[in-house]
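These notes concern the structure reproduced below.
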Amino acid sequence: MSETMNNIDVKALGKVAVLMGGSSAEREVSLMSGKGVLAALQSKGVDAHAFDPSQQDLGELRKQGFARCFIALHGRHGEDGTVQGALELLGIPYTGPGVMASSIAMDKIMTKRIWRFEGLSTPEWRMAASEQDTRDALAALGAPMIVKPAREGSTLGLSKISTPEECAQAYAQASRYDPEVLCEQFIEGVETTCAVLGQGRSAKALPVIRIVAPDGNYDYQNKYFTDTTQYFCPSELPDEMDAAIRDLAEKAFRTLGCRGWSRADVMVRASDQQLFLLEINTSPGMTSHSLVPMAARATGMSYEDLCLHLVAHASSDAAQGAEL
């Protein structure tokens, strides 16, 4: 990998904007990701600069001469296809999946529909637009059940409930972030995540990470701001299981038409070892607690080299079309 990195002409990358901050509920995490990416790219000699779309109009990217963008935005208007579409119109290549894949992956319900159609395993679910819908979902799916916004990330607005009395608060909490609420069958077992780099058939999974959170609660706080969550990479799972998770992550990536990078969350059910896809993140975190850099390190790729690799492979839907 180091030889590949040495072949990247840093000057040819041009002026790079690291998009960070934004206006979503994940602004705080995005700023942490962006600052890390910015420092990493600058350490490699890249002409990289911070750019906060909530502070400057995206049209300034062209006016200021940016040649490509590293998207370190998370959540709404960052990984839902909107900023990707704006960059397409500006003619500026960017990291991560394109407009359609980003938009679909942000919508957990649409993602699950496509995965189910393609025969990929994902927990049973129901949509909820009211407290009563949430109660009906609990009756249908059984307890415990996960309630979360359909189009939000970082476990924001997520609840795990077991009784009808908890439905009102869970629905209210999730619907603060999105009018569409996803009620999902809870899978008891081992939590894993697996990043994928590349495009199409050449896309390859990085090592699987097994996550052990306090009391099994891998929430927003435990993801980003505590050191009590344990991460195992290599996963220490049986080789066949580890390989199956990587294969499923690659299929999930390709099925949605992702490119560049993404990270799939996969549960291993304790009762029968069956795998279940939960969701896929098309603009993964790049903070000190983030998982893609952790998996990359296990292959010998540093944080700095990962950032350089991603920005060097920035692309656009227009460019992809030109190659067909």
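The values are calculated or read from the model by the stated rules, or taken from the named source; none is laboratory data. Keep in mind that this is a model prediction, so the values were computed, not measured. Don't worry about glycine lacking a Cβ; one is built from the backbone with ideal geometry, like all the others, and counts go over all protein chains shown. SASA here: full protein model, heavy atoms, side chains in, ligands and nucleic acids out. Shrake-Rupley method; radii C 1.70, N 1.55, O 1.52, S 1.80 Å.
Here are some notes:
- For segment 117-155, residues that are of a type in the set (Lys, Arg) and out of contact with any strand residue (DSSP E or B) (no Cβ under 6 Å at 6 or more places or on another chain) total 2.
- The residue that is nearest to Asp178 (Cα to Cα), among those in segment 81-125 that are among the basic types (Lys, Arg) and surrounded by 19 or more Cβ atoms within 10 Å (Cβ to Cβ), is Lys108.
- Boolean, Gly300 is open to solvent by 30 Å² or more (accessible area, probe 1.4 Å) and more than 16 Å from Leu206 (Cβ to Cβ): no
- Within segment 148-168, restricting attention to residues that are surrounded by fewer than 16 Cβ atoms within 10 Å (Cβ to Cβ) and touching a helix residue (DSSP H, G or I) at 6+ places or on another chain (Cβ under 6 Å), the residue that is nearest to Met32 (Cα to Cα) is Ala168.
- Filtering segment 263-312 to residues that are on the phi > 0 side of the Ramachandran plot and of a type in the set (S, T, N, Q) leaves only Gln273.
- Every pair of residues 6+ apart whose Cβ atoms lie under 6 Å, when the first sits in segment 267-281 and is part of a loop (DSSP other than H, G, I, E, B) while the second is acidic (Asp, Glu): Ala270/Glu188
- Single residue of segment 42-80 satisfying the filter (within 15 Å of Pro284 (Cα to Cα) and of a type in the set (Gly, Ala, Ser)) that is surrounded by the fewest Cβ atoms within 10 Å (Cβ to Cβ): Gly75
- Filter result (modelled with pLDDT under 95, surrounded by 13 or more Cβ atoms within 10 Å (Cβ to Cβ) and β-branched (Val, Ile, Thr)) within segment 215-249: Thr229
- The set of residues from segment 190-214 being open to solvent by 40 Å² or more (accessible area, probe 1.4 Å) and touching a residue at least 60 places away in the same chain (Cβ under 8 Å) comprises Val190, Glu191, Gln199.
- Test: Gln274 is open to solvent by 60 Å² or more (accessible area, probe 1.4 Å) and over 19 Å from the mean Cα position of the chain (by Cα): yes
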